[in-house]
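Enquirer: Quick one: the structure is below, and I'll ask about it shortly.
Nothing in this text is a laboratory measurement; each read-out follows from the coordinates by a stated rule. If you're wondering where the values come from, they're calculated on a predicted model, not measured in any experiment. Here Cβ is always computed from backbone atoms with ideal geometry, including for glycine, and neighbour counts include all displayed protein chains.
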Amino acid sequence: MDIRARTTLQPVVTAPAAARAFARDACLRAETTDRVEDVALVVSELVTNAILHGLGNVTLDVVVENGGVRIEVGDADPALGRPRAAAANGESGRGLLIVARVAARWGVRRDGPGKVVWADMPG
């Protein structure tokens, strides 16, 4: 079953947990459960990045089509996200590296005054 789900999150500490629950629910409603925890991980990383490095509210789109899942996370900051080198003992700086390892592909595009970071998860 194909599904498109969207939510808007305020940039607060509880947003990544709410985003994970939203994404899991969308996958379960679409009867796509094989990689639901990978989807939740990617959603968590992208939403966390949008909150820490973005601007304003965060949008989350979860699109399940043809057995695959596309995740899109948007914010109002026009600066495009990119992986950065994390310090060996640092607690941050690995989010997009994790996304790159778990997703089939990912990218970022401008969207109005802001940007959307997206990731495709295979079915």
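Enquirer: If I go through region 98-123 residue by residue, how many of them are in contact with a helix residue (DSSP H, G or I) (Cβ under 8 Å, 6 or more places away or on another chain) and either buried (at least 19 other Cβ atoms within 10 Å of the Cβ) or at positive phi (or both)? Lay out the reasoning, then the answer.
Expert: First pass over region 98-123, keeping only residues in contact with a helix residue (DSSP H, G or I) (Cβ under 8 Å, 6 or more places away or on another chain): 98-99, 102-103, 106, 117, 119, 121.
Subsequent filtering for residues that are either buried (at least 19 other Cβ atoms within 10 Å of the Cβ) or at positive phi (or both) retains 99, 103, 106, 117, 119, 121.
Looking only at that region, the number is 6.
Enquirer: Moving on. Does region 54-62 contain at least one residue that is under 24 Å from L97 (Cβ atoms), acidic (D, E) and in contact with a Leu (Cβ under 6 Å, 6 or more places away or on another chain)?
Expert: no
Enquirer: Just give me the residues in region 49-74 being crowded, with 21+ Cβ neighbours inside 10 Å and in a strand (DSSP E or B), in sequence order.
Expert: V58, L60, V62, V64, V69, I71, V73, G74
Enquirer: For D34, indicate whether it is more than 14 Å from the chain's Cα centre (by Cα) and either assigned to a helix (DSSP H, G or I) or within 17 Å of W118 (Cα to Cα) (or both).
Expert: On the way: more than 14 Å from the chain's Cα centre (by Cα): yes; either assigned to a helix (DSSP H, G or I) or within 17 Å of W118 (Cα to Cα) (or both): no.
Against the criterion (more than 14 Å from the chain's Cα centre (by Cα) and either assigned to a helix (DSSP H, G or I) or within 17 Å of W118 (Cα to Cα) (or both)), D34 does not qualify.
Enquirer: Run T32 past the list (1) in contact (Cβ under 8 Å) with a residue 60 or more places away in the chain; (2) touching a Phe, Trp or Tyr at 6+ places or on another chain (Cβ under 6 Å) and report the number of the one that doesn't hold.
Expert: Tallying (1) in contact (Cβ under 8 Å) with a residue 60 or more places away in the chain; (2) touching a Phe, Trp or Tyr at 6+ places or on another chain (Cβ under 6 Å), T32 fails exactly one: (2).
Enquirer: Okay, moving on. When you check R20 against the structure, is it basic (K, R), assigned to a helix (DSSP H, G or I) and under 14 Å from the mean Cα position of the chain (by Cα), yes or no? Reasoning before the result, please.
Expert: On the way: basic (K, R): yes; assigned to a helix (DSSP H, G or I): yes; under 14 Å from the mean Cα position of the chain (by Cα): yes.
Spelling it out, R20 is indeed basic (K, R), assigned to a helix (DSSP H, G or I) and under 14 Å from the mean Cα position of the chain (by Cα).
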